[in-house]
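These notes are about the structure you will find just below.
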Amino acid sequence: MKKIFRLLKAIQLLTRKPNLLNLIIDSQYRWDTYIQKKYTPIKQLPTIQFTDIVSEDKISLNTWSFLGGGSMPTDILLLKQLASKIPACSYFEIGTWRGESVVNVSEIAKECYTLNLSEEEIKALGLSNTYAELHGYFSKKKNNITHLYGNSISFNFKKIDKKFDLIFIDGNHTYEYVKKDTQNVFKHLTHENSIIVWHDYAYDPEHIRSEVFAGILDGVPKSFHQNLHHVSNTKCAIFYPKKINSTLEKFPSTPIKNFEFQVTITSLKNESI
């Protein structure tokens, strides 16, 4: 009887608000089912231990706001350490937000490019002026960072005419965008040793975001699927061109490493970034 009542309630809600159907269509279950049907028996990526990628005991992040919409510190530590292993690293990212990822990598990399919607395009979506103006807050005035503007799904990546060593895909996280961004990166921006990192492959280090995962799998050439991994203690997936040890993790995980943080807080009031 309870199940029938809930079914009737659901029908009533859908009748009043048909747009709620989108939540059902785009649910985690839908994308889980899609992945399992198309890529059986894949349910998750094998995991690389964070310490197998990040070899140093002490790494610093010198710009971090701890505000909404950002990455985990370990996500950016991963990028910064990867860049440090590549001489004269050339870095490209999709999705700038406040510029925290690119500004931290810029301390290590020789040159950085970041692509995002322009302020005008953001405002045209009905978003606030403040939200639009905050994009690139930390990165706009850094000499080795080039800001590119446009919608990544229609942007002409070919015109960049350049290959990159390290690429971070952190734009729109819908399936369509993740797939298209991934295809464009492989087609136009990579060389044989390029490393690609996707943000938000997982909601947190133990819960996969299946819509993003589906976009990654469909965007990466199938011959390269063996090079796809999840990096432990991060929300990131990685395409790593060389052979590296990885295992299928069982979640929840038992901690096998500890992270220590020392925080220095600096006021930015009335300062020009």
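Here are some notes:
- Residue among Lys158, Lys163, Lys141 that alone is at pLDDT below 95 and more than 19 Å from Asp200 (Cβ to Cβ): Lys141
- Segment 112-131 residues that are farther than 19 Å from Ile153 by Cα, paired with ones that are among the hydroxyl-bearing types (Ser, Thr, Tyr) and buried (at least 18 other Cβ atoms within 10 Å of the Cβ) (beta carbon under 6 Å, 6 or more apart): Cys112/Tyr91; Cys112/Ser106
- Yes/no for Asp161 being over 24 Å from Lys123 (Cβ atoms), in contact with a strand residue (DSSP E or B) (Cβ under 7 Å, 6 or more places away or on another chain) and charged (D, E, K, R): no
- Residue match in segment 71-88 (condition: assigned to a loop (DSSP other than H, G, I, E, B), among the acidic types (Asp, Glu) and closer than 16 Å to Glu260 by Cα): no
- Once segment 48-83 is narrowed to residues that are of a type in the set (Val, Ile, Thr) and within 16 Å of the chain's Cα centre (by Cα), the residue that is surrounded by the most Cβ atoms within 10 Å (Cβ to Cβ) is Ile76.
- Lys235 fulfils the conditions (1) buried (at least 18 other Cβ atoms within 10 Å of the Cβ); (2) part of a helix (DSSP H, G or I); (3) touching a helix residue (DSSP H, G or I) at 6+ places or on another chain (Cβ under 7 Å) except for a single criterion, (2).
- Restricting attention to segment 84-99 and to residues that are surrounded by fewer than 23 Cβ atoms within 10 Å (Cβ to Cβ) and touching a helix residue (DSSP H, G or I) at 6+ places or on another chain (Cβ under 7 Å), the residue that is nearest to His135 (Cα to Cα) turns out to be Arg98.
- Test: residue in segment 245-252 that is outside any loop (DSSP other than H, G, I, E, B) and crowded, with 20+ Cβ neighbours inside 10 Å: no
The values are calculated or read from the model by the stated rules, or taken from the named source; none is laboratory data. These numbers were taken from a predicted model, which means no experiment stands behind them. Counting neighbours? That spans all protein chains shown, and the Cβs are built from the backbone with ideal geometry, glycine included.
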